[in-house]
Amino acid sequence: MHWKLSLASLLASGLGLTLCLPAHAQDPERSVADAGIKAQLAELDYQYEVDEDNDFKLVFEVGEEGRSQIVYILSAVESYGEHKVREIWSPAYESATDDFAAPIANRLLEASNSAKLGGWVKQGRNAVFVVKIAADASKEALDDAISAASGLADEMEAELSPGKDDL
């Protein structure tokens, strides 16, 4: 498996974290940030940065405690048969070791079961909430995915790492 280190480096440089994220089977036409996503984000009036992999990085203020949450929208499109999907990621937890403690892993599995959109994945030492939507999803569907990822990831970060707001 290949690892997407530039996104990890971006997080690590700003947060002191190590996040290993998988490389994606990139669409050969995705040598630049996805223009459709740029247009949708503009229509939604979202501020963002484009990283060196042409993924979109958004930072949201969440909750009443002044917390923030990072969300990535990948420009690359994944395929499975006739399905073409885009991933929206939001990191929430960093383990001190390569393995998650059983109670943490079980909690993430339980949360994945109750999530209506998306689920938890393990990327290196990190738990990341990932929502997969149709590559040609509407701006409303993209907005729903962003909302689900940021909200659920922030809730889990607050639960598993009380008092921390690193991701």
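The values are calculated or read from the model by the stated rules, or taken from the named source; none is laboratory data. Note that the structure is a prediction, hence the values are computed from the model and not measured. As a convention, Cβ positions derive from the backbone with ideal geometry for all residues, glycine included, and neighbour counts pool all protein chains shown.
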A careful count of residues in the range 102-119 that are farther than 17 Å from ALA145 by Cβ, surrounded by 11 or more Cβ atoms within 10 Å (Cβ to Cβ) and among the polar types (S, T, N, Q) gives 1
Looking across the range 125-144 at residues that are crowded, with 17+ Cβ neighbours inside 10 Å and in contact (Cβ under 8 Å) with a residue 60 or more places away in the chain, the single one that is farthest from ASP34 (Cα to Cα) is ARG125
Exercise for review: Tell me, yes or no, whether the range 80-101 has at least one residue that is surrounded by fewer than 21 Cβ atoms within 10 Å (Cβ to Cβ) and touching an Asp or Glu at 6+ places or on another chain (Cβ under 6 Å).
Suggested key: yes
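Restricting the search to the range 43-60, which residues are without any contact (Cβ under 8 Å) to a residue 40 or more places away in the chain and either within 24 Å of GLU78 (Cα to Cα) or part of a strand (DSSP E or B) (or both)?
If we filter the range 43-60 for residues that are without any contact (Cβ under 8 Å) to a residue 40 or more places away in the chain, which is where we start, we get 45, 47-50, 54, 56, 59.
TYR48, GLU49, VAL50, ASN54, PHE56, VAL59, listed by residue number.
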Going residue by residue through the range 78-87, is there one that turns out to be within 14 Å of PHE129 (Cβ to Cβ) and either of a type in the set (Gly, Ala, Ser) or modelled with pLDDT of 95 or more (or both)? yes
Here the residues within the range 61-79 that are assigned to a loop (DSSP other than H, G, I, E, B) and surrounded by 12 or more Cβ atoms within 10 Å (Cβ to Cβ) are GLY63, LEU74, SER75, ALA76, VAL77
